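Novice: First the structure, then my questions, so here it is.
A short reminder: the numbers here are calculations on the coordinates, not readings from a lab. Predicted, not measured: the structure shown is a model, and the values here were computed from it. Here the Cβ is made from the backbone with ideal geometry for all residues, glycine too, and neighbour counts use every protein chain on show.
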């Protein structure tokens, strides 16, 4: 054997086998099995080349030749020029997609990965040592059976805009983004707005998987301090018939966490390419373009084909808005006023239901910023006082539908008409 030629171990073994075949120590059929070839004809061809060329005969004919699928240097230069200019921080897979989508240049992601490594545009990650294998929880079987929900504060617009929060719902069975929305924070009102939009779009899911409050929201500096988020959301979910499941670790709802990792890479770059820098523009892009494209690429087929979302058509819009309002209990004072958030609400003399002193009422802050006071399923009539009223005990047992015979004093709010001057509510003298 010519030692000046670099032979692989496979080629060395083949040469020895062919020598044994030439010396008739083995048959063609045996040589075929040892070399794991498909036919004896291949064995005869190799034997013929070895008899003619010696050890070189076992070397494959394509060694040293450029591959049939090798890219032209002009094509490679064009690819790398575009990647350096527009996709310098894209991962190879995403960059390959954008080259085809935006420039009509088709290249395999692995081929692009090698080109980017050579051009120092991508650094291959070292292989991780094997750790304890994480076993994924099996997916739910039906679409709408469970939604994984979370919010992520991130510089979604990079240096083009302020940090914002992306609220996201992922269907557990399919991995589809069922709804996504950018907002300034992850407070109660933002979450309520999100789910009302979700219901109108998809219906009511059976259950929602979300974080406990401490890890879900309040730890972030941009989050609104709203310690009763889960309490309010639990109440609303119970009234509408949804089951809330709280996760005790990020890994428990790993699918939505993994999608956030993908979005913090892909969505950030998509927003950059579209030059989007505001929450309003980003939400339009999500609904008109991004979500459908993302689902087409990453969603999976569920085990069963049923859609378990329940329609919201049976609920009146007013009832739905009432359920998804921020609700607090307050007590009626002796002068039939209610104190809420440093404001005094004077109940009017005529009411749709009987109101007694010391009654507990429900104050509802609706998402349109209106405030309603509910008692026994009826909204009470009231007006907001511009200042704290004098402490008086009105000698009325209750406020009812009929006007009472009691005559209030001259300085009582019921006797004084209110006027609005320059946006401030005042009384006339």
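Novice: Which stretch or stretches of the range 244-280 have amide N atoms under 20 Å from the point lying 7 Å from residue 85's Cα along the Cα→Cβ direction?
Specialist: 269-276
Novice: D for the range 280-373, whole µm²/s, Stokes-Einstein with Kirkwood Rh over alpha-carbon pairs at 37 °C and 0.692 mPa s: what number?
Specialist: Stokes-Einstein gives a translational diffusion coefficient of 183 µm²/s.
Novice: Relative contact order, percent, of the chain when contacts are C-alpha pairs under 8 Å separated by at least 6 residues?
Specialist: This gives 11 percent for the chain.
Novice: Next question, about the same structure. Using only the alpha-carbon atoms, what does the range 147-298 span along each of its principal axes? Please give whole angstrom values in decreasing order.
Specialist: 42, 34, 29
Novice: What whole-number value in cubic angstrom gives the convex hull volume per residue for the C-alpha atoms of the range 253-301?
Specialist: Expressed per residue, the convex hull around the Cα atoms of the range 253-301 is 86 Å³.
Novice: Here's a follow-up. So what's the projected area for the range 116-180, the Cα convex hull averaged over all directions, in nm²?
Specialist: For the Cα atoms of the range 116-180, the hull's average projected area reads 8.0 nm².
Novice: Sticking with this structure for a sec: Rank by packing, highest mean first: peptides 87-97, 392-402, 156-166, with packing defined as the count of other Cβ atoms within 10 Å averaged across residues.
Specialist: Packing proxy ranking, top to bottom: 87-97, 156-166, 392-402.
Novice: Once fully extended, how much extra length lies between residue 33 and residue 328, figured as 0.36 nm per residue of separation less the alpha-carbon to alpha-carbon distance?
Specialist: 98.0 nm
Novice: Here's a follow-up. What's the FRET efficiency of residue 13 with residue 265 using the Cβ-Cβ distance as r and R₀ = 45 Å, to the nearest 0.05?
Specialist: The value I calculate is 0.50.
Novice: Could you work out how far the C-alpha centroid of the range 245-277 sits from that of the range 278-308, in angstrom?
Specialist: A separation of 13 Å, based on Cα centres.
Novice: Also: With runs of 4+ DSSP H residues as the only contributors, calculate the mean residue ellipticity of the chain at 222 nm using -39,500 (n - 2.57) per run, divided by the residue total and rounded to the nearest 500.
Specialist: Rounded to the nearest 500, the figure is -10000 deg cm²/dmol.
Novice: Hey, how many Å between the Cα centroid of the range 82-159 and the Cα centroid of the range 341-372?
Specialist: Centre-to-centre distance over Cα atoms comes out at 53 Å.
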